[in-house]
Amino acid sequence: MLIGRQRVIKSSEITPRDVYLNRRDLIAGAAGLGASGLIGGEAFAAKIEAAKSKFSTDEKPTSLKDVTSYNNFYEFGVDKSDPAANSKAFKPTPWNVKVDGLVNKPADYQLEDFIKPSTVEERIYRLRCVEAWSMVIPWVGIPLADVIKRADPQGSAKFVAFETVVRPPEMPGQKGLFQPLPWPYVEGLRLDEALHPLTLLATGLYGETLPNQNGAPLRLVVPWKYGFKSIKSIVRITLTDKQPRTTWNISNPGEYGFYSNVNPAVDHPRWTQATERRIGEGGVFNKRRETLPFNGYADQVASLYSGMDLKTNF
Ligand code: MTE
């Protein structure tokens, strides 16, 4: 259900976290979906009622302005300001998501049937980009595990593959002479990573539906991995027995592996991963932060990789 109006979020509307979390004027059970009759154009923002999560960090969230104006979404261009500038014509509704592959219950969902409002949570996660900057983002979403369990995976399923929509008329980075990546953007997780309770399918941020530039209407968030694993505008989720191909590994295998766990001990061939710049924390003179193993989520996820050499499995 939606509060029926179309608008972009203004920075003046940003409210402190404790205020927006307690706004009881929100529509009960709203997952910010089901926007039938929506006019296309700019991202449709709707208030989302979400339970607070025990998985949230208590670090200060990055401002909504930075979260929505400093983006990587190459379908809309390669500069950080391109996604906000070039995604206004993108239509995130109506939206279908296919769940298929090695499952007993494959399905072609309309987004409003895909998201169960009762499982919608707000989770404040750090996002560490492979380019050595980071943000703290109040996501709204559902555990990916819920979706996978609903599909009833077969015993042979070992991985999950994800695919972004291809829509050149609405995505300027997908047309023309210079196309920075092969499309569709694809990503993958091992099944146990996908089932991990931290892994989120986000439908919103800052208590509103996802802005187009952040991956509307549905994107992955895997907080212990570099940001490029968090694939945006997902149309297909496929369970498979083979390690899926991933866009950055296809385009530059020497620099980007399948796992891409945040690892301060493994430098990118062209820069250090030991430190990071927190977006919004001042200019070039601001002290860089130390990057933590698994982006600070080691207690929860390090056991997934016991026995693996994470220098070779980067
Ligand atoms: N998903 C698609 N489809 N296309 C992209 O170019 N960029 C990735 C990831 N998901 C990308 C994508 C990268 S490199 C990062 S760092 C995050 O999205 C950025 O998410 P944000 O813009 O919401 O912060």
Item to check | Efficiency of FRET between Leu292 and Leu177 - r from beta-carbon atoms, R0 41 angstrom, step 0.05 | outcome: 0.50
Checklist outcome for this item: Pseudo-spin-label distance Thr57 to Glu281, built 7 Å along Cα→Cβ, given in nm, is 0.9
Checklist entry - Percentage of Cα-Cα pair distances in region 184-314 greater than 24 Å, rounded to whole percent? => result 34
Item to check | Cα gyration tensor, region 106-243 - rounded (a/c under 1.5), prolate or oblate | outcome: rounded
Next on the checklist: Give the aspartates and glutamates reachable from Lys287 as a straight Cα distance under 13 Å; neighbours fewer than 8 places away on the same chain don't count.
Outcome noted: Glu276
Checklist entry - Quick one: Cα convex hull volume of the chain, Å³ per residue? => result 132
Next on the checklist: If I model region 138-203 as equal point scatterers sitting on the Cα atoms and use the Debye formula, what is log10 I(q)/I(0) at q = 0.16, 0.30 Å⁻¹?
Outcome noted: -0.70, -1.29
Item to check | Net charge contributed by nearby residues that have their C-beta within less than 11 Å of Trp248 (K/R +1, D/E -1) | outcome: 0
Checklist entry - Based solely on its DSSP helices, what 222 nm [θ] is calculated for the chain when runs of n ≥ 4 H residues each add -39,500 (n - 2.57) and the sum is averaged over all residues, nearest 500 deg cm²/dmol? => result -3000 deg cm²/dmol
Next on the checklist: Set the bar at 25 Å for Cα to Cα. Now go through Lys47/Lys229; Lys65/Lys88; Lys88/Lys232; Lys60/Lys91 and name every pair that lies beyond it.
Outcome noted: Lys47/Lys229; Lys60/Lys91
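No value in this document is a laboratory result; all are computed from the given coordinates. Model, not experiment: these values are computed from the prediction. All Cβ positions, even for glycine, are placed from backbone atoms using ideal geometry, and neighbour counts span all protein chains on display.
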